[in-house]
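Inspection log for the structure reproduced underneath, given as structure tokens.
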Amino acid sequence: MNVGIYARVSTHDQQTLPMQIAAMRKYAKARAWKIVLQVEDVGSGVKERPQRERLLIAARKREIDAVLVWKLDRWGRSLTDLVTTLQELSELGVGFISLTEALDMGTPTGRAMAGLLAVFAEFERDLLRERVKAGIAHAREQGKPHGRPQTAGHKSDKVIELYYQGQNKSQIARELGIGRTSVRRIIDSQRKRKK
């Protein structure tokens, strides 16, 4: 079986990288698996992981049969990210093994665990959605504006003035630093009011 191994450390935790790699190599060797790709990321958990993406590309190209990681939290940036990537690997027919948790997504127990992770990820999304809604409601109660700030709306008088001076919509948009579509909407709205 061809496997890709993935190791990641934060910048504060770099001394564990050789340990992760050694443990995964030993695990693969004991099973007579061939390591065709070994990638390492160093950095914070929330940043992009370019090396992990290399491993996913190899999986999509069917260059590897399984991904081997030292620990689940080394792979996923968040629970949602973890579930999404595990689901993609599963759909590709690529196995996923987490060494520390003794978790193999190719086994019935591993698939059951993946299902539980999906439930928790949905729960996490729902909680986040509720917090956002509560925050918006609170902001509105306090009279604070919510949403994208108006940019073109504040310039509608100037748009109309420039339009009646003979400038076309593109010229007005460039001069005021707003979109041409916004200029068109303001002019159309002004015309409708006059009718």
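The values are calculated or read from the model by the stated rules, or taken from the named source; none is laboratory data. Here the structure is a predicted model, which means the values were calculated and not measured. So basically every Cβ, Gly included, is an ideal-geometry build from the backbone, and we count neighbours across all protein chains shown.
A few remarks follow.
- Residues of the range 148-174 that are part of a helix (DSSP H, G or I) and surrounded by 14 or more Cβ atoms within 10 Å (Cβ to Cβ): Lys155, Ser156, Lys158, Val159, Ile160, Leu162, Tyr163, Lys169, Gln171, Ile172, Ala173.
- Residue tally, condition in contact (Cβ under 8 Å) with a residue 12 or more places away in the chain, surrounded by fewer than 16 Cβ atoms within 10 Å (Cβ to Cβ) and not in a loop (DSSP other than H, G, I, E, B), over the range 52-72: 2
- When we screen Ile136, Ile97 for residues that are hydrophobic (A, V, I, L, M, F, W, C) and touching a strand residue (DSSP E or B) at 6+ places or on another chain (Cβ under 6 Å), the only hit is Ile97.
- Considering residues of the range 81-98 that are of a type in the set (A, V, I, L, M), surrounded by 20 or more Cβ atoms within 10 Å (Cβ to Cβ) and more than 17 Å from the chain's Cα centre (by Cα) only, the residue farthest from Leu56 (Cα to Cα): Ile97
- Residue check: Thr100 meets all listed conditions (1) assigned to a loop (DSSP other than H, G, I, E, B); (2) over 30 Å from Gly4 (Cβ atoms); (3) polar (S, T, N, Q) but one, namely (2).
- Only one of the numbered conditions (1) in a helix (DSSP H, G or I); (2) surrounded by 16 or more Cβ atoms within 10 Å (Cβ to Cβ) is violated by Met19, and that is (2).
- So Glu124, is it surrounded by fewer than 17 Cβ atoms within 10 Å (Cβ to Cβ), under 19 Å from the mean Cα position of the chain (by Cα) and either aromatic (Phe, Trp, Tyr) or in the same structural domain as Ser10 (by TED's automatic domain parsing) (or both): no
- Candidates Gly43, Gly106, Gly76 - the one that is surrounded by 14 or more Cβ atoms within 10 Å (Cβ to Cβ), out of contact with any Pro (no Cβ under 8 Å at 6 or more places or on another chain) and without any contact (Cβ under 8 Å) to a residue 12 or more places away in the chain: Gly76
- Candidate set: the range 132-182, residues that are basic (Lys, Arg) and within 37 Å of the chain's Cα centre (by Cα); chosen: the one modelled with the lowest pLDDT: Arg148
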